[in-house]
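These notes concern the structure reproduced below.
The values are calculated or read from the model by the stated rules, or taken from the named source; none is laboratory data. A quick note: this is a predicted structure, and the numbers were derived from the prediction, not measured. Glycine gets a Cβ as well: all are built from the backbone with ideal geometry, and neighbour counts include every protein chain shown.
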Amino acid sequence: MLARALTHALVGIEARAVEVEAHLQNGVPAFAIVGLPDKACQEAKERVRSGITSAELEWPLRRITVNLAPAGLRKEGSGYDLPIALAVLAASRQVPPERLAEHAAVGELGLDGRLRPVPGVIVAAEAARRAGLRRLLCPHESAPEAALAGIAPIPLRHLAEAGAYLRGRYEPEPVEPASSPSRNGSGPDLAEVRGQERARRALEIAAAGRHNVLLAGPPGTGKTMLARRLPGILPPLTLDEALEVTRIHSVVGVLPPSRPLVDRPPFRAPHHTASAAAVVGGGPGPRPGEVSLAHRGVLLLDELPEFHRPVLEALRQPLEDGCVAIARVAGQASFPARFVLVGTMNMCPCGARGDPSLECRCSPQKLAAYSAKLSRALLDRFDLVVAMPRSRARELDAPPGEASGVVRARVEPAAEAVREARPRLGREARELLARAVDALPLSARGRARVLRAAATVAALAGAVTIEPAHVAEALSYRPPPELGT
Ligand SMILES: Nc1ncnc2c1ncn2[C@@H]1O[C@H](COP(=O)(O)OP(=O)(O)OP(=O)(O)O)[C@@H](O)[C@H]1O
Ligand SMILES: [Mg+2]
C-alpha cells in the first residue's frame, strides 16, 4: 500500500516541493527512510514511531519504506516528521489518503506526539500556495506565520489532532494572519541621549538616505547608545518589506512565535568574535548570516577594529551589491542584504585619543596596526564618519533631546524624496565638490559618497537642488586624518 504527503525542503531561503511516499509491504517489520535525509531527518524514524503510538494510533507492523522525492535534494531538519507520520498513517488507511493529498504538511514531532515548530514555515506555506494547495497542516505556534502566506493553516498541537482532522472529526479554529505593520516604534529612544548633536544629526542623515555611519571617539561617549537608537528613526517597513525580512528570520529560526511578522527595521549586533560565515552567511544549507538578518534594518559592528580582518573584508561585497552571493558545490545561493552599517570605534587602542583631558599612551606601531585593521576600502564605504567628543558636564545635565518619533517624522518624507527624485546638483555646489576632490583629495568613490550624502542633506532641508551648504555638511563627515586616511 502506498500513500503520499506533500512538504517542502528549504534551500537557502527558498522552498522546493518534496513528496513523502510511504510504502507498506508484507515481511519482517522494518522502517527505512531514503532520499538523502540528513541526520536530523533520519532520526525522524524514532520520533514518528513513538509519536504515532502516543497518539493512540497504530504503528503498522510491516516493512515500511519512506521515500523523500526528489531523491537528489538534501533533506535537512526535523520538519519532515509530520508529513512522514501522516504518509505512514495514510498508507495504513488510518487517515484517508485522498484528503491528505489536498494538504501540505510541516512540523517536528515529540516522542509524546506533540507538534513543535520548525524554521521556514512561511516559506513552505508560500510555496504550497503557489503549488495550488489551500491548506497547510502545521504546529499550532507556526499557524499565524503560515497565515501570512495567504494559505489556510490547520493549527495542530498533537498528532492525534491531525488524525482526527483528516478523518473529519475535528475542525480547528480559523487563524488570523499576524497584524499589519505597526508604525509605533519601540526599543530605546533618542531622548535618552544628552548632547552629541553632531552624532545625532549624522544618524538622522543616515536614516533618511540609508548611509553607513561610523562613530569614533573615546570610551563612554554614547557611541553604542546612539547606534542602538538608529532602527527607531528608520521609516517603518512596508508589508512587502516586512514579509521579505520575515522569510529570512523564519528560515534562520530567530522569529519569535509571539511576533511572527517582523514589521520594524531589524537590528543585529553580532559580537566581534563572530566568524565570517556567521556574519555574511554560509555553512551547509547554506544559511543566511547577520547581514541578511539585518536586511532593511541596521547592522551594528560595535568596536569595529576588534572584528577579525576576514570578516571585515567579507562585508565589502554585500555592502556594494546589497546581497550576498555564496558559491556552493550544489550551485549558488543569493541572500538579500541591504542594511545600514553602523560601526563604532575608539580613536586608538587605549581609547584616550580624541579626549583633550587624557594623554594617549599608544606606541606608533600600535596606532599603525589599529588603523591598518580598517582597510581604506572599508573606511571608504562609510558615507558619514563622526568623531565624537567626550560630553561636557553641562551637556549631560541638559534636558532630554528630541525623541525618536520626532526625528522619524522628519526622516520619513526625506527618505521618500531621495528615493523618488534625487535632488539635482547646483552649479556652485558642483564647484565646491570639484575643489574638494582636488584638495582633500577624494577618490571617485569618495566623491560619489559625498554627493549621495549631500543629496540626503538637501532632501532633509526640503530642497530640490543641492546647495554648497549641503555639500559642505556632507564633506564634514569625511574620515578625520587620525583614522589614517
Ligand atoms: N551622551 C550621553 N547621554 C546620556 N548618557 C550617556 C551619554 N554617553 C554615555 N552615556 C551613558 O554612558 C553609558 C555608556 O555609553 P556607551 O556604551 O554608549 O559608550 P561608548 O561610547 O560605546 O563607549 P565604549 O567606547 O567604551 O564602548 C551609557 O549606557 C549611558 O548610560
Ligand atoms: Mg561601546
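The residue that is surrounded by the fewest Cβ atoms within 10 Å (Cβ to Cβ), among those in the range 18-57 that are of a type in the set (D, E, K, R) and not in a helix (DSSP H, G or I), is Glu56.
Test Arg316 against the criterion of being more than 16 Å from ligand 1 (Cβ to nearest atom) and crowded, with 22+ Cβ neighbours inside 10 Å, and give yes or no. Considered against the rule, which asks whether it is more than 16 Å from ligand 1 (Cβ to nearest atom) and crowded, with 22+ Cβ neighbours inside 10 Å, Arg316 comes out as no. Considering the range 91-126, the residues that are among the small types (Gly, Ala, Ser) and part of a strand (DSSP E or B) include one that is surrounded by the fewest Cβ atoms within 10 Å (Cβ to Cβ), namely Ala104. With respect to (1) among the hydrophobic types (A, V, I, L, M, F, W, C); (2) within 16 Å of ligand 1 (Cβ to nearest atom); (3) within 26 Å of Glu126 (Cβ to Cβ), the lone exception for Met225 is condition (3).
Scan the range 171-193 and tell me whether some residue there is in contact with a Leu (Cβ under 8 Å, 6 or more places away or on another chain), in a helix (DSSP H, G or I) and either without any contact (Cβ under 8 Å) to a residue 60 or more places away in the chain or away from ligand 1 (no atom under 13 Å from the Cβ) (or both). Within the range 171-193, not a single residue is in contact with a Leu (Cβ under 8 Å, 6 or more places away or on another chain), in a helix (DSSP H, G or I) and either without any contact (Cβ under 8 Å) to a residue 60 or more places away in the chain or away from ligand 1 (no atom under 13 Å from the Cβ) (or both).
Condition check for Ala429 on (1) free of Cβ contacts under 8 Å to residues at least 60 places away in the same chain; (2) within 24 Å of Arg229 (Cβ to Cβ): one failure, at (2). Here Arg422 fulfils each of the conditions (1) outside any helix (DSSP H, G or I); (2) over 21 Å from Gly462 (Cβ atoms) apart from (2). The residue of the range 362-391 that is surrounded by the most Cβ atoms within 10 Å (Cβ to Cβ), among those that are within 16 Å of ligand 1 (Cβ to nearest atom) and closer than 19 Å to Ala202 by Cβ, is Val386. Only one of the listed residues (Gly289, Gly297, Gly253) is at pLDDT 90 or above, in contact with a Pro (Cβ under 8 Å, 6 or more places away or on another chain) and under 18 Å from Glu14 (Cβ atoms). That residue is Gly253. Look at Thr224 and say whether it is polar (S, T, N, Q), under 21 Å from the mean Cα position of the chain (by Cα), within 16 Å of ligand 2 (Cβ to nearest atom) and in a helix (DSSP H, G or I). In short, yes.
Does Leu10 meet the test of being part of a strand (DSSP E or B) and modelled with pLDDT under 95? Against the criterion (part of a strand (DSSP E or B) and modelled with pLDDT under 95), Leu10 qualifies. Scanning the range 392-414 for residues that are without any contact (Cβ under 8 Å) to a residue 24 or more places away in the chain and either within 16 Å of ligand 2 (Cβ to nearest atom) or buried (at least 16 other Cβ atoms within 10 Å of the Cβ) (or both) yields nothing.
Note on the range 201-221: among residues that are more than 9 Å from ligand 2 (Cβ to nearest atom) and assigned to a loop (DSSP other than H, G, I, E, B), the one that is farthest from Ala393 (Cα to Cα) is Arg210. With Arg287, Arg338, Arg353 as the choices, which residue is among the charged types (D, E, K, R), over 25 Å from Ala199 (Cβ atoms) and not assigned by TED's automatic domain parsing to the domain that holds Ile122? Among Arg287, Arg338, Arg353, only Arg287 is among the charged types (D, E, K, R), over 25 Å from Ala199 (Cβ atoms) and not assigned by TED's automatic domain parsing to the domain that holds Ile122. Residues of the range 228-248 that are in contact with a strand residue (DSSP E or B) (Cβ under 8 Å, 6 or more places away or on another chain) and within 16 Å of ligand 1 (Cβ to nearest atom): Arg228, Leu230, Pro231.
Every condition in (1) at pLDDT 95 or above; (2) in a loop (DSSP other than H, G, I, E, B); (3) surrounded by fewer than 24 Cβ atoms within 10 Å (Cβ to Cβ) holds for Gly79 except the one numbered (3). Against the list (1) in contact (Cβ under 8 Å) with a residue 24 or more places away in the chain; (2) farther than 13 Å from Ala105 by Cβ, the condition Ser142 fails is (2).
Exactly one residue among Arg427, Arg361, Arg390, Arg376 is charged (D, E, K, R) and assigned by TED's automatic domain parsing to the domain that holds Leu483, and that residue is Arg427.
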